[in-house]
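Presented below is the structure to which this report refers.
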Amino acid sequence: MHKPPFQTRTRLPVRERLRLTQLARKKMRPLWSALLCAPPLLYLLSEVLFARP
C-alpha cells in the first residue's frame, strides 16, 4: 500500500495553498470590478450616443 512518488509532490502545504489563493484573489479583484462597472457605463454611453435632441 505505498503511494507513487508523484502524488506526494503535488500535495502542497497549507501555508503555500493559502498564499496561492490570496494571490489568485488579488489578480481576480480588478477583473470583478471591471465586470461590475461595465454594464452601467455601457448603458450611459448608449443613452448619450443615441439620445434624440
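The values are calculated or read from the model by the stated rules, or taken from the named source; none is laboratory data. Note that the coordinates shown come from a computational prediction; the quantities given were computed from them, not determined experimentally. These accessible areas exclude ligands, DNA and RNA; they are computed on the full protein's heavy atoms, side chains included. Shrake-Rupley method; radii C 1.70, N 1.55, O 1.52, S 1.80 Å.
Figures for the structure shown
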item: In Å², nearest 10: area of Glu47 left accessible to a 1.4 Å probe; result: 90 Å²
item: Candidate residues Arg29, Arg52: accessible-area rank, largest first, probe 1.4 Å; result: Arg52, Arg29
